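**Student:** Just dropping this structure here.
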Amino acid sequence: MSDLTIRLPRGSGSGEGSGRSLSTSAAIGGAVAGLVTLVVCMAVALTAWFLADAGAHGETTDALRAGADGWLVGHGSRFVLNGMPLGIVPLTVTMLLVLGAFRGGRWAAGRAEEPEGDRALGLAVAAFVGSYVVLAVVVCVAASRTGAEPELGRSILGALLVSALGGGAGLAAGTGYLGYWVLRLPEWLREMVAGAVAGALALLAAGAVLVVVSLGLSFNEAANVLTSLDLSSGDAVTLVLVTSLFAPNAALFGSAYLIGPGFAVGTIASGVTTSVSPAAPVVLGAVPAVPLLAALPEEGPTPGWLIGVCAVPLLAAGLGVWKAGRATAPLPYDLAAIRGAGAGFGSAVLVTVAIGLSGGPMGVDRLAKIGAPVGETFVFALASMVIGGVFAALVQSFLQRRNAVA
C-alpha cells in the first residue's frame, strides 16, 4: 500500500504526545498491554486461590503461576499436565487479551508523534507485535515446570495474532487511519462486511439464548450437581468464576447445535464419539460433574420438530443482511443477490472459525475430543447462511423499489 500524503486526525484517546516516534511508543504499548493483562490474570488466580482455601494449600507463587498459565491459555497455548493435554481456550480470557491489546495500541498512538504515512504505521504495528511476543516467550519459559509444560509454538502464534489484530486496530484507530481506510472501501464491500459481522453476531446471540434457556430448564439438575460436589462457599464462587471464562465457548457450542452438526463432549469408552445434534439421536454416556453440562439434552432419540432450529442460521444471516442494507439505495436484483450471498458467506466463515476455536481436549480418553466438527459445520453454515442472505437481500430490494415508486 502506498504512503498516505495527508495527515489524519487522531483518535479520541490521543493527547499532546510525548515526542516519541510511533514505533517507539508502540513497542512500549505492546509490552504494557501484555503486562497489564498478565497482572489481571494473576490477580484473578490469586483471588480464586484465597477464596478456595484461604491460602491453606500451596504457595502464593503457585497461584501467580496459575494466572500466568491462564494468560498463556488465553493465547491458545496448550498444556500437558502430568501427561494429560489441556487445550480448550477460555474465550473470555482471549476477548480480554484482544481488548487489552487494542487499548494498548490506542494508548501508544496517543503518546507519539503523528505517523508520516502508512509505512510508518506498519513499522509501529511490527514493533507492538514484537514486544508483545517477546513477553509471551518470557512468560512461557518462566511458567514451564515439571509436570506442566505450555506449548511454546502455540503461545507465540497466539500472541502474534492477538497483538496484530488488537494492537494493530488500536494503533490504526488512535492515529485516525482506521476510519480513513474504512471510508476508502467501496460501499458494496462495507455493506457486505457489515452484513457478515451482524449475521455472525446474531447467530452467536441465538446460541447463547439456547444455552441459557436449556440451563434454566435444567436448573434443578445443575443445582443437584453443584450440591453433590460438596463445595465450600469459596470453592463454589471459584467454580462459577472459572465457568464464566468458558461462557463464549458454550454459546458457540449452542451455535453449532443450531447449525446442524452439533458438537461432541468427549468419547465413550468403546471409542464411540458423543454427539449432541438436532438431526440425530443424542449420545452422551457418562457426563462429567460440571453444573454447566446439565444444559445438555437427555440421551436418546431427538424429537423430530427440533430439526426446525436449523432455520435459525438462515434467519440470522437474513437479519444481518437486512440490517446492513437498510440505508442503501435500491439495487438491481442480481447485485442484491450477490451482496446477500457474499454477506452470508462471510458470516459462515466467521462463525466456523469461532466455533473451531471453542473446542479442544481436556484430558485423555473420555475428554480427548470436545467441540464441533469444523468441516461439517462450515458446509451446513455456508448452505443456510448464503440462502438466508440472498433471500433477505432480494426481499429488501423489492420492498425498497416498491417504496421508491410509491
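**Student:** Would you check which residues across region 327-348 are closer than 24 Å to Val312 by Cα and without any contact (Cβ under 8 Å) to a residue 60 or more places away in the chain and list them?
**Tutor:** Once the filter is applied, which keeps residues that are closer than 24 Å to Val312 by Cα and without any contact (Cβ under 8 Å) to a residue 60 or more places away in the chain, region 327-348 yields Ala337, Ile338, Ala341, Ala348.
**Student:** If I ask for residues that are surrounded by 14 or more Cβ atoms within 10 Å (Cβ to Cβ), hydrophobic (A, V, I, L, M, F, W, C) and free of Cβ contacts under 8 Å to residues at least 60 places away in the same chain, which ones from region 223-265 would you list?
**Tutor:** Those that are surrounded by 14 or more Cβ atoms within 10 Å (Cβ to Cβ), hydrophobic (A, V, I, L, M, F, W, C) and free of Cβ contacts under 8 Å to residues at least 60 places away in the same chain: Leu231, Ala236, Leu239, Ala250, Ala251, Leu258.
**Student:** Pairs only if they're at least six apart or on different chains, beta carbon under 6 angstrom, first in region 120-135 and farther than 19 Å from Gly176 by Cα, second crowded, with 19+ Cβ neighbours inside 10 Å and of a type in the set (Ser, Thr, Tyr); list them, first residue then second.
**Tutor:** Correct list of pairs: Val129/Ser163; Tyr132/Ser163.
**Student:** Looking at region 272-326 only, could you name the residues that are among the basic types (Lys, Arg) and over 25 Å from the mean Cα position of the chain (by Cα)?
**Tutor:** Passing the criteria: only Arg326.
**Student:** Continuing with the same structure: Answer yes or no as to whether Ala172 is among the aliphatic types (A, V, I, L, M), surrounded by 20 or more Cβ atoms within 10 Å (Cβ to Cβ) and farther than 21 Å from Gly87 by Cα.
**Tutor:** yes
**Student:** With respect to Leu319, determine if the residue is touching a Gly at 6+ places or on another chain (Cβ under 8 Å) and in a helix (DSSP H, G or I).
**Tutor:** Answer is yes for this residue.
**Student:** Being small (Gly, Ala, Ser) and at pLDDT below 50 is the filter here, so list the residues in region 1-49 that pass it.
**Tutor:** The answer is Ser2, Gly11, Ser12, Gly13, Ser14, Gly15.
**Student:** Mind checking which residues of region 179-218 are of a type in the set (S, T, N, Q) and either touching a Gly at 6+ places or on another chain (Cβ under 8 Å) or assigned to a helix (DSSP H, G or I) (or both)?
**Tutor:** Ser214
**Student:** Looking at region 330-348, can you tell me whether even one residue there is surrounded by fewer than 16 Cβ atoms within 10 Å (Cβ to Cβ) and not in a helix (DSSP H, G or I)?
**Tutor:** yes
**Student:** Tell me yes or no: at least one residue of region 310-320 is touching a residue at least 24 places away in the same chain (Cβ under 8 Å) and over 21 Å from Met192 (Cα atoms).
**Tutor:** There is at least one residue in region 310-320 that is touching a residue at least 24 places away in the same chain (Cβ under 8 Å) and over 21 Å from Met192 (Cα atoms).
**Student:** Next up: Which residue out of Ser144, Ser155 is touching a residue at least 60 places away in the same chain (Cβ under 8 Å), under 30 Å from Ala63 (Cα atoms) and touching a helix residue (DSSP H, G or I) at 6+ places or on another chain (Cβ under 9 Å)?
**Tutor:** Sole residue among the options that is touching a residue at least 60 places away in the same chain (Cβ under 8 Å), under 30 Å from Ala63 (Cα atoms) and touching a helix residue (DSSP H, G or I) at 6+ places or on another chain (Cβ under 9 Å): Ser155.
**Student:** Among Pro303, Pro297, which is surrounded by 15 or more Cβ atoms within 10 Å (Cβ to Cβ) and in the same structural domain as Pro361 (by TED's automatic domain parsing)?
**Tutor:** Criteria check complete, one pass: Pro297.
**Student:** So which residues in region 349-364 are free of Cβ contacts under 8 Å to residues at least 60 places away in the same chain and in contact with a strand residue (DSSP E or B) (Cβ under 8 Å, 6 or more places away or on another chain), if there are any at all?
**Tutor:** Gly356
**Student:** Residues of region 323-362 being among the aromatic types (Phe, Trp, Tyr) and at pLDDT below 95, which ones?
**Tutor:** Residue satisfying the conditions is Tyr333 alone.
**Student:** Let me ask another. So, in region 241-275, exactly how many residues are modelled with pLDDT under 85 and within 25 Å of Thr94 (Cα to Cα)?
**Tutor:** Qualifying residue count, region 241-275: 1.
**Student:** Then there is this: Run Val193 past the list (1) within 16 Å of Trp71 (Cα to Cα); (2) assigned by TED's automatic domain parsing to the domain that holds Leu314; (3) among the β-branched types (Val, Ile, Thr) and report the number of the one that doesn't hold.
**Tutor:** Evaluating Val193 over (1) within 16 Å of Trp71 (Cα to Cα); (2) assigned by TED's automatic domain parsing to the domain that holds Leu314; (3) among the β-branched types (Val, Ile, Thr) leaves (1) as the failure.
**Student:** Next question, about the same structure. Counting only residues that are surrounded by 23 or more Cβ atoms within 10 Å (Cβ to Cβ) and either without any contact (Cβ under 8 Å) to a residue 12 or more places away in the chain or outside any helix (DSSP H, G or I) (or both), how many does region 70-102 have?
**Tutor:** Residues meeting the conditions: 3.
The values are calculated or read from the model by the stated rules, or taken from the named source; none is laboratory data. All of these numbers come straight from a predicted model, not from anything done at the bench. Here the Cβ is made from the backbone with ideal geometry for all residues, glycine too, and neighbour counts use every protein chain on show.
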